[in-house]
Amino acid sequence: MSGIIDPTTRLGFTNKKWGICGFTSSLSAMYDLNQGVRGQVINGSSGYRILAEIKIYLKMLKAAGSTLLADIRDFTRSFGPPYDKFEIDEYIARIDNAAAEDLSRYQIMSEPRFSLGMPPAAVADYIHRQWGWKATVTEYAITNGVGDGVVGVTKGWFGSGDRKSFFPLPYYGLCHYLYRSNGAVYSWGIKFNSVAEANAEYRVCYVISVSPT
């Protein structure tokens, strides 16, 4: 995995204060797997750059009339205050205002309302729509948590029975995304040797594999 360690940890820094892991993990995947876009992707460690990336994607969904916008809105609201009244248009306006007010990178990264809940299908769509790569979502029940790519985790326990009844929260209680490749896991600007090392409570609930189309 030559060349990924330092750039990928840089890409994770912006996620220390925000909940934007769907984007930072996707950018890490693109940096690792698609050398042709590395010059573009590495700028994702900048506060303004990642906000611009998110805004572009949301506006693409608006132009397409995609139902993913409602899914993103509802998932973000499921995390409770201050996200319980989340609206896509207000979020985009917040990004515009940050640019107009010329906020510092620190001010931007200290604002939790730049967080955005991305359902697995939206993460896969972002990778395909913005970067032109194939992204396939597989649920835990099929993968048993195995596989490289953008990995969604829950703090819930997977036992027997109906998992969707066990988890009243959306997407099995999905709470974070990491990027996993060749046994290494990247999140928050840190490299881990496993998902469990990142957090002992984490259990993989989705694997989003990424490959050229």
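Describe numerically, in nm with one decimal, the distance between label points set 7 Å from Cα along Cα→Cβ at Thr136 and at Asp96.
Simple spin-label model gives 4.0 nm for this pair.
In the neighborhood of Lys59, defined by Cβ-to-Cβ distances under 13 Å, what is the net charge if each Lys or Arg adds +1 and each Asp or Glu adds -1?
Numbers: positive: Lys55, Lys62, Arg129; negative: Glu53, Asp89, Asp96.
Charge balance in the 13 Å sphere: 0.
If r is the Cβ-Cβ distance from Asn193 to Arg38 and R0 is 22 Å, what FRET efficiency results, to the nearest 0.05?
0.35
Over 22 Å between Cα atoms, which of Lys155/Lys191; Lys59/Lys155; Lys62/Lys85 qualify?
Beyond 22 Å: Lys59/Lys155.
If packing is taken as the average count of other Cβ atoms within 10 Å, what order do 115-124, 73-82 fall into, highest mean first?
Packing order, densest peptide first, comes out as 115-124, 73-82.
Please give the charge dipole size of the range 54-103, origin at the Cα centre, charges +1 on K and R Cβ atoms and -1 on D and E Cβ atoms. Round to the nearest 20 debye.
180
Here, each number is a calculation from the coordinates, and none is a lab measurement. All values derive from a computational prediction rather than experimental measurement. With ideal geometry, Cβ positions are generated from the backbone for all residues, glycine too; neighbour counts draw on all protein chains shown.
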